[in-house]
Each structure stands twice: as structure tokens, then as C-alpha cells.
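Some notes on the structure that comes next.
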Amino acid sequence: MMVVPLTTVLVLAIDTATPAVTAGVVQLDADAAPRTLAQRVTIDAKAHGELLIPHLREALAEAGRTMADVDAIVCGSGPGPFTGLRVGMVTAAALGQALGRPVYPVPTVDAIAVEARSGHRLLVATDARRREVYWAAYDADGGRVEGPHVDKPADLAEKLPSLDVASAAGQGAEMYADVLDLPIALAPFPSPHGLVAVAAAALLAGAEPDPMTPLYLRRPDAVVPTGRKRVTQP
């Protein structure tokens, strides 16, 4: 089946891979950069499940659109902590199925890199908890050349000479600025604009989305017990 390139796409953008609960409505035109019509962002690592759907509804209302107007959904795929990341990806997948719209997963770190891009090599680091960071490195054109990985900040700092980055972005970079010792770009969290920019070529081409695979990079903190604990009688 021949795929007809699109000239305008109305996109619902979602990300819950960081403490930011991010939702937005973005118009993507073939001859222009993505334009954010409305967005809602709340920094609360414990409120992804509570706030995401209200944020989506509020953003759509402000943009003067409805769910039926949406052509596609873009969702940050991490890396991120298990619980928060899962909220956004499950919500995006459910909306895509209900609306009959394609859902495009994009790495959250790539969306942050778009916002921080300044023509030089860049490190993006987000908070992975457990005193660790998720990170990826980008070339001067914004292409990802390393990662995403998860490391302790001190271990990442030892890798910086070989990465040859000039600055860093992301909440993790801000939290451990004293360890990484890099100039900080003001892009701590992904934006709807950045998320859609990463997927722009695929969206306009009407391409088949990649599988909805979350980038956890490690096992969740909570684990299912493998068996009953033996109790010794006194």
C-alpha cells in the first residue's frame, strides 16, 4: 500500500519518563517547525497517574480541539523509572487504540536534546533515582552517538573525556553539576515541541511507528516474591 506524505499533522504529545507530567497539542506542518498550540506540565514525580489525563483534556480545550481531531500521538519512551514511564506509555497506547490513531514512541532524552541543541556535542542526563542518571550523548547536529545508559554520576564523569561533550542538559545534569563539571543548558525536562520534533519525519511521511517498547534500562524497585519465607517455630 502506497503511503501518502502528509502536509499537516495534529499531534498529542505525552511524556511521563521524568518527574514532569507533560501533555501538549502540537501542530506539525511540512514547511515549518512544530508549533505548540497548548501544553500542561506539572513537576510531581508522584502524580503521573493522577494528572496526565486532566492535562491532556485541558490542553485540548485550550487549543480548541477534541480527541477526534488528533491525527497521531507521540509518547516519550524513556529511559525512566518503571512506574512513571509506564503511565504515559500505557495511556498513549490506549488512546491510540481507542481513536484508531498511530502512536510514535520517541526516547525522552532525544526530546530534551532537541530543546538544548546549540551546535556542539551535548550530554543529556536525567534523574534515574538511586543516585544514578540516565544519559545519552549527541553530536553537533543533534544525532545520538551514545546511549541511553544508566550510571552513577562519578562513573559518567570518568567517561566525559572520551565523549567530548561541551555542555549538558536534563535534570540529572543539574542535580550532579558539581560532579559532571559541564555548562548546563536550560532544558531539564522534555517539552511537547521536542517530542514531536524527534518524530517529525516519521509523522509527515505517515510511516509505520516503532514498537511501543519502554526504555527501563534496569529492573523495577518492587519485585514479586519468589516463594514463601520459611517460619521457624520457637
What are the extents of the Cα atoms of the chain along their three principal axes, in Å, largest first? 68, 52, 36
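How high is the relative contact order of the chain, in percent, counting Cα pairs under 8 Å that sit 6 or more residues apart?
On the way: 528 pairs, mean separation 53.7, N = 234.
Computed over the chain, the figure is 23 percent.
So how do 128-141, 10-23 stack up, highest first, on mean other-Cβ count within 10 Å? The partial results should precede the final answer.
Numbers: 128-141: 19.4, 10-23: 27.6.
Descending packing order for the listed peptides: 10-23, 128-141.
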Taking R0 as 35 Å, what FRET efficiency do you get between A98 and V145 from their Cβ-Cβ distance, rounded to the nearest 0.05? 0.40
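Once a ≥ b ≥ c are taken as the square roots of the eigenvalues of the Cα gyration tensor of segment 44-86, is the result rounded (a/c under 1.5), prolate (a/b larger than b/c) or oblate (a/b not larger than b/c)?
Values: a/c = 3.50, a/b = 1.69, b/c = 2.07.
Oblate is the answer for segment 44-86, as a/c is 1.5 or above yet b/c matches or exceeds a/b.
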Dipole of the chain, Cα-centred, from +1 at each Lys and Arg C-beta and -1 at each Asp and Glu C-beta, to the nearest 20 debye? 1120 debye
Calculated from backbone phi, Karplus (6.51, -1.76, 1.60) coupling profile of segment 138-153 in Hz, x at Gly/Pro: 10, 7, 5, 8, x, x, 6, 10, 7, x, x, 9, 10, 8, 6, x
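Between rounded, prolate and oblate, where does segment 2-136 land on the alpha carbon gyration tensor, with a ≥ b ≥ c its root eigenvalues, rounded for a/c under 1.5, else prolate if a/b exceeds b/c?
Details: a/c = 1.78, a/b = 1.27, b/c = 1.40.
The shape class here is oblate.
If packing is taken as the mean number of other Cβ atoms within 10 Å per residue, what is the order of 185-195, 203-213, 84-94, highest first? Spell out each step's value before the answer.
On the way: 185-195: 23.7, 203-213: 14.1, 84-94: 20.6.
So the peptides 185-195, 203-213, 84-94, ranked by packing, come out 185-195, 84-94, 203-213.
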Positive-end residue of A207, H48, I184, charge dipole of the chain with Cβ unit charges: H48
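Coordinate-derived values only; no laboratory data. These numbers come from a predicted model, not from an experiment. Cβ atoms come from the backbone with ideal geometry, glycine included; neighbour counts cover every protein chain shown.
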